[in-house]
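These notes concern the structure reproduced below.
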Amino acid sequence: MKRIFLLLTLIVSLTLPPQVDVNIADGVGCSFTIQAKNKSKKPHRGHRAAKRKQAKQAKTAARKARARQSASPVPLMGATAPAAMPADQQLLRVAVPTADCRTIAYKAISVSFDSRLRIPRCVAYTLTATQVAMADAPGAERRKNHHFAADPQVKASPGPGDYRGSGFSRGHMAPAMDMRFDHQAMAQCFLMTNMCPQDEKLNNGAWRQLEERVHRWARRDGQLVIFTGPVMPAGRPATVGPRADIAVPAAFYKVVYAPRQNRAIAFVYDNRPPAGGLERHVTTIADVERQTGLTFLSALPAQQQRALKQQCDLGAWQ
């Protein structure tokens, strides 16, 4: 009898679906419980391959999106400015005595752009020895691969051809040689919001030599904070452009501060073919502030500001 019950139990367990308990009493006080195991189905190989392919496509799309953003010449402005701005960006703040100025935060430079004059009042940036090394490396960005362009996000931005026939160059305030370390930084320094009408001989001669000198100083000193812009005439400025509404500066200034050495210097060049060497154009930050109405380095303690703004020792920089 016991053998019959065992046989019946085996037959029933084989015919019932999984997770069905079988309990058959043998009539003699013995009972047998059989529970079929539920084997979880493994994903099909084709399904796993599709999942892997989908994940790979998503990673590729994300990588391409990042590359497009990095290569885009369109500036990032205001609250959307990248977190890659210099750590001491407080030092880049400049007080401008006009309500017509708008501060534009590009990837590597900060521009105080005057919408009435249609030129920048100040272009500020930090230049480090690492960036100089990258800019001077064989694989750095090349000037010939970049072109002048209007900034589409700034209504008053001149167009790339607005200086044509004026007798003035499109003078970079933040020079291209300092931006060659990064594609986007280089592209943005060619936007017309970084330009002023500049005498061609000044632009290609003494002013360029000053830019090269500052470039070398950054490599030597480790880090520089640099401010560049126009000095406007006392009266109504001359103008250029299709609508004669782009102001022509009377002169240009460059303010240089070395935070690690706590050393500062400034230069002013008239907007014409220069006379004399670097020594003839050196001045103090205080003098530049007097000529422009701007205020530099306001993030520093007042006593340190006063001392720096009176420095005028070119020998300490040579």
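Listed here are the residues, each with its yes/no results for (1) touching a Ser or Thr at 6+ places or on another chain (Cβ under 8 Å); (2) within 23 Å of residue 177 (Cβ to Cβ); (3) outside the structural domain of residue 176 (by TED's automatic domain parsing); (4) modelled with pLDDT of 50 or more.
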residue	(1), (2), (3), (4)
70	no, yes, yes, no
82	no, yes, no, no
91	yes, yes, no, yes
102	yes, no, no, yes
108	no, yes, no, yes
116	yes, no, no, yes
120	yes, yes, no, yes
123	yes, yes, no, yes
Worksheet, complete the sentence: When residue 170 is run through (1) free of Cβ contacts under 8 Å to residues at least 60 places away in the same chain; (2) farther than 23 Å from residue 259 by Cα; (3) outside any strand (DSSP E or B), the failure sits at (3)
Item to complete: Could you look through the range 255-281, keep only residues that are among the hydrophobic types (A, V, I, L, M, F, W, C) and closer than 15 Å to residue 211 by Cβ, and pick out the one that is surrounded by the fewest Cβ atoms within 10 Å (Cβ to Cβ)?
Response: 278
Worksheet item: residue 153 is checked against (1) closer than 11 Å to residue 193 by Cβ; (2) assigned to a helix (DSSP H, G or I) and fails just one. What number does that condition carry?
Response: (2)
Practice prompt. Considering only the range 111-142, state which residues are in a strand (DSSP E or B), in contact with a Phe, Trp or Tyr (Cβ under 7 Å, 6 or more places away or on another chain) and under 17 Å from residue 184 (Cα atoms).
Written response: 124
Worksheet, complete the sentence: Residue hits (the range 301-317; under 30 Å from the mean Cα position of the chain (by Cα) and of a type in the set (S, T, N, Q)) are 304, 305
Discussion item. Return the residues of the range 250-293 that are among the aliphatic types (A, V, I, L, M), closer than 30 Å to residue 167 by Cβ, out of contact with any Phe, Trp or Tyr (no Cβ under 8 Å at 6 or more places or on another chain) and modelled with pLDDT of 95 or more; say none if nothing qualifies.
Written reply: 250
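The values are calculated or read from the model by the stated rules, or taken from the named source; none is laboratory data. Note that the structure is predicted; figures quoted are calculated from it, not measured. Positions of Cβ are backbone-derived with ideal geometry, glycine not excepted, and every protein chain shown enters the neighbour counts.
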